Amino acid sequence: MIEKNENHAAKTLNRFRLDGRVALITGAASGIGLATAKAFHEAGAYVVLVDRDATGTHAAAESIGENASAAVIDITDEHAVNNKFAELAKIHGHLDLLVNNAGLAIRKASLDLALEDWNKVVAVNMTGLFLCARGVARFMTRDSGGSIVNTASIMGLSGGGLYPNISYQATKGAVVNMTRALAVEWAKQKIRVNAVAPTYVKTPFIAGLMQQPELIARIEQLTPLGRLAEPEEIAAAILFLASPAASMITGHILVVDGGYLAQ
């Protein structure tokens, strides 16, 4: 009986493994992206860290070691995305996983937000995400299909916020519905598309907010679990959605917010 239980436990754990899979992770030079790359690597995947920060991306890939490499591209450049993804598919023979994590926030009130700034956020958070999803889907041709996980936000599920951030909220709302639309469209190709919607996470992305103790205290007060998230906690949720453990899940938005939106 003990041996049977051990075998069952091992089989269950194996469903969280990514052995033999090639994973592309955007915005991977730091924060959630880097934490996700490390989690995927530990689960057995070959990870390609994608970012426009050449120095940071190469350093991040080197910190992981074997079965990791850097791809320095601007995800808003259609030709760069298509060419790099085709090159990676040729090198590895297949592409299996994509984490669309690259993001940009320009925190300004609507009446103060220049069109140029609006377009910059749209280009990264919405258009870049679409270009990467479309680019990788063309190479997810194995019998097992593929899995895409997008990084949305609690701000994409709520119009409220502690400060004006219209372009970020609008584009993250688009990520939520794009995730659902692609999940339906690509289901017959065995490509699952899901998203995580994190709360405020302790990463360089919110470095400016971290310098405002009163704002951080307010966030903690509004969060039932009483704290901000760690990048590894978001990475764990992404790993679950990408893994065979979530094989019957697609079109889902997994909120990771310590109960923030449950109120």
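The values are calculated or read from the model by the stated rules, or taken from the named source; none is laboratory data. On a predicted model such as this, the values are computed, not experimentally measured, just so you know. All Cβ positions, glycine included, derive from the backbone under ideal geometry; neighbour counts span all protein chains shown.
Residue by residue, here is whether (1) within 26 Å of His79 (Cα to Cα); (2) at pLDDT 95 or above; (3) among the hydrophobic types (A, V, I, L, M, F, W, C); (4) not in a strand (DSSP E or B) holds:
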position	(1), (2), (3), (4)
Leu131	yes, yes, yes, yes
Met155	no, no, yes, yes
Ala174	yes, yes, yes, yes
Asn177	yes, yes, no, yes
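Matching residues to (1) within 28 Å of Ala207 (Cβ to Cβ); (2) assigned to a strand (DSSP E or B); (3) modelled with pLDDT under 95; (4) under 19 Å from the mean Cα position of the chain (by Cα):
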{"residue": "Ala80", "(1), (2), (3), (4)": "yes, no, no, no"}
{"residue": "His94", "(1), (2), (3), (4)": "no, no, yes, no"}
{"residue": "Ala102", "(1), (2), (3), (4)": "yes, no, no, yes"}
{"residue": "Leu111", "(1), (2), (3), (4)": "yes, no, no, no"}
{"residue": "Asp117", "(1), (2), (3), (4)": "yes, no, no, no"}
**Q.** Lone qualifier among Ala197, Ala187, Ala207 - being assigned to a helix (DSSP H, G or I), in contact (Cβ under 8 Å) with a residue 24 or more places away in the chain and either within 23 Å of the chain's Cα centre (by Cα) or surrounded by 14 or more Cβ atoms within 10 Å (Cβ to Cβ) (or both)
**A.** Ala187
Q: Kindly list, by first and then second residue, each pair from a residue in the range 225-242 that is touching a residue at least 60 places away in the same chain (Cβ under 8 Å) and acidic (Asp, Glu) to a residue that is outside any loop (DSSP other than H, G, I, E, B) and surrounded by 20 or more Cβ atoms within 10 Å (Cβ to Cβ), limited to pairs with Cβ atoms under 6 Å and residues at least 6 apart or on different chains.
A: Glu232/Ala35
Q) Taking the range 220-239, which residues are of a type in the set (Val, Ile, Thr) and either in a helix (DSSP H, G or I) or in contact with a Leu (Cβ under 6 Å, 6 or more places away or on another chain) (or both)? A) Ile234, Ile238
Q) in contact (Cβ under 8 Å) with a residue 12 or more places away in the chain, in contact with a helix residue (DSSP H, G or I) (Cβ under 8 Å, 6 or more places away or on another chain), farther than 30 Å from Ser247 by Cβ and not small (Gly, Ala, Ser), is that true of Leu113? A) yes
Q | Residue list for the range 37-60, restricted to those being over 18 Å from Ala245 (Cα atoms), surrounded by fewer than 24 Cβ atoms within 10 Å (Cβ to Cβ) and out of contact with any His (no Cβ under 9 Å at 6 or more places or on another chain) | A | Lys38, Arg52, Asp53, Ala54, Thr55, Gly56, His58, Ala59, Ala60
Q) Residues in the range 115-122: is at least one closer than 23 Å to Ala45 by Cα, acidic (Asp, Glu) and touching a Lys or Arg at 6+ places or on another chain (Cβ under 9 Å)? A) no
Q) In the set Gly128, Gly103, Gly145, Gly135, which member is within 19 Å of Val48 (Cβ to Cβ), surrounded by 23 or more Cβ atoms within 10 Å (Cβ to Cβ) and free of Cβ contacts under 8 Å to residues at least 60 places away in the same chain? A) Gly135
